[in-house]
Structure formats: structure tokens, C-alpha cells
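Okay, structure first, notes after.
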Amino acid sequence: MSIKSESGFGCSVCGEHHVLSLSYSVKAPLAVGAIAVEELDQRVVITPDQCVVDGKDFYLRGRILVPVIGLEEPFVWGIWAEVSPKNFVRTNELWAVEGREKEAPFPGWLNSQLPVFGDTYNLEVSVQTQPVGQRPYFTVVDQDHPLAEEQRDGITMERVEEIAVRMLHPD
């Protein structure tokens, strides 16, 4: 579910009035899109939060939170990261365990493209488990990456609008 600003904005590309979203999400890892539709049932196990491809590639859905200057709620990128089998199994073991957020962060690599930032495939993130019922937080490791800069420094509402335009009109 995305948080939206009901006031919206006038789009500079199409001239329409759009509701301004503070959240964009990707429904499946990129790896799933590379599999032929007729092979999906045999090769992919996916839930809203986890995905396994060919029994050997493991993905978690998480969130990159970006502070929005002047707002209490953050801008949210809902995306997927590939994680090691060991960390995937550990995450499963703790799926419904209270206090799981005390686990140490572990590495992951984005398996989602965020066109606003160019190529984000395989961008390293630190995965931090959250309390039961919440998706993990992803923190971009490369502090010089534009996504990491926004995650660290925050963005303006004007930047939120710019992102909306790029997401609504990707070409």
C-alpha cells in the first residue's frame, strides 16, 4: 500500500493531475521476469515477502526508507534483494519470532531496477530484520551512490514529484 498526497501535482510530461505517491514497490525480483511464463510454476516459489528461484537463488522483499524533508513519514522504495541461502534460512527460522529485529544485519544485493537511479541491479545493501509483521529495511552500502545519498540526507517534496514523473512516464 502506498502513502499518497491527496493534493497531487500537475504533470509536466502529460499535463494531467496525478496523486503524489510516497511509495513505489516492485512485485517480484528481476530474476523472475527472466523466466518464461510456462516455466514459472516449476521454477519459482514466491510469496509477497520471499522468493526462491530454481531452489538455489533466494530473495527477500524489503524497504528502503528515504526521509522527506518537512514530513514525518518517509518515502518508501519496496524492492527485492538476493541474499545467501544461510541468511534466507535464518530469516525463515525467525519469521514469527518476537525480537527478531535484534539480529545482526546481513548483506544482500538488489534484484530490482529503480530507473530513477540508473542501474541498481546488484547494488549491495545491508539487510536489517524488523519486528514481526514488518519487512526488512535495506540500507545502501555504497555511500556515494545517489540512492544512498537520498537515504542518508533526505529528499524534498519537489524530488518526490520528480520521482513520480519518472515512474509514471519511464520513457
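The values are calculated or read from the model by the stated rules, or taken from the named source; none is laboratory data. Owing to the predicted nature of the structure, the values given are computational and were not obtained by experimental measurement. A quick note on method: Cβ atoms are made from the backbone with ideal geometry, for glycine too, and the neighbour counts reach across all protein chains shown. We work out accessible area using only protein heavy atoms, side chains counted, and drop any ligands, DNA or RNA first. Shrake-Rupley method; radii C 1.70, N 1.55, O 1.52, S 1.80 Å.
Report yes if some residue within region 74-86 is within 29 Å of M157 (Cα to Cα) and among the basic types (K, R); otherwise report no.
No - not one qualifying residue is present in region 74-86.
Any residue at all in region 55-72 that's over 20 Å from the mean Cα position of the chain (by Cα), surrounded by fewer than 18 Cβ atoms within 10 Å (Cβ to Cβ), part of a loop (DSSP other than H, G, I, E, B) and without any contact (Cβ under 8 Å) to a residue 40 or more places away in the chain?
The answer is yes, given that some residue of region 55-72 is over 20 Å from the mean Cα position of the chain (by Cα), surrounded by fewer than 18 Cβ atoms within 10 Å (Cβ to Cβ), part of a loop (DSSP other than H, G, I, E, B) and without any contact (Cβ under 8 Å) to a residue 40 or more places away in the chain.
Are any residues in region 85-127 surrounded by fewer than 18 Cβ atoms within 10 Å (Cβ to Cβ), of a type in the set (G, A, S) and within 17 Å of H145 (Cβ to Cβ), and if so, which ones?
Scanning region 85-127 gives G118, S126.
Select, from E150, E101, the only residue that is touching a Pro at 6+ places or on another chain (Cβ under 8 Å) and not in a loop (DSSP other than H, G, I, E, B).
E101
Going by what's in this entry, would V89 be described as assigned to a strand (DSSP E or B) and over 17 Å from P67 (Cα atoms)?
Answer is no for this residue.
Conditions tested, residue by residue: (1) out of contact with any Leu (no Cβ under 8 Å at 6 or more places or on another chain); (2) under 27 Å from E149 (Cα atoms); (3) of a type in the set (A, V, I, L, M, F, W, C).
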site	(1), (2), (3)
G15	yes, no, no
H18	no, yes, no
S25	yes, yes, no
P29	yes, yes, no
P48	yes, no, no
V53	yes, no, yes
G62	yes, yes, no
F75	no, yes, yes
I79	no, yes, yes
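Would you point out the residue of region 139-171, among those that are more than 30 Å from C11 (Cα to Cα) and in contact with a strand residue (DSSP E or B) (Cβ under 9 Å, 6 or more places away or on another chain), that is surrounded by the fewest Cβ atoms within 10 Å (Cβ to Cβ)?
The qualifying residue surrounded by the fewest Cβ atoms within 10 Å (Cβ to Cβ) is D142.
Which members of region 9-38 meet the condition of being farther than 26 Å from G108 by Cα, open to solvent by less than 80 Å² (accessible area, probe 1.4 Å) and out of contact with any Lys or Arg (no Cβ under 6 Å at 6 or more places or on another chain)?
F9, G10, C11, C14, G15, H18, L20
Exactly one condition in (1) of a type outside the set (F, W, Y); (2) modelled with pLDDT under 95; (3) more than 25 Å from P170 (Cα to Cα) is not met by V26; state its number.
Exception for V26: condition (3).
Which members of region 39-54 meet the condition of being within 14 Å of W80 (Cα to Cα), open to solvent by less than 70 Å² (accessible area, probe 1.4 Å) and not in a strand (DSSP E or B)?
Hits for region 39-54 are T47, D49.
To keep it simple, each residue is scored yes or no on (1) among the polar types (S, T, N, Q); (2) in contact with a helix residue (DSSP H, G or I) (Cβ under 7 Å, 6 or more places away or on another chain); (3) within 30 Å of E16 (Cα to Cα).
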| position | (1), (2), (3) |
| --- | --- |
| N87 | yes, no, no |
| T91 | yes, no, no |
| A96 | no, no, no |
| R100 | no, no, no |
| R135 | no, no, no |
| R152 | no, no, no |
| E162 | no, no, yes |
| L168 | no, no, yes |
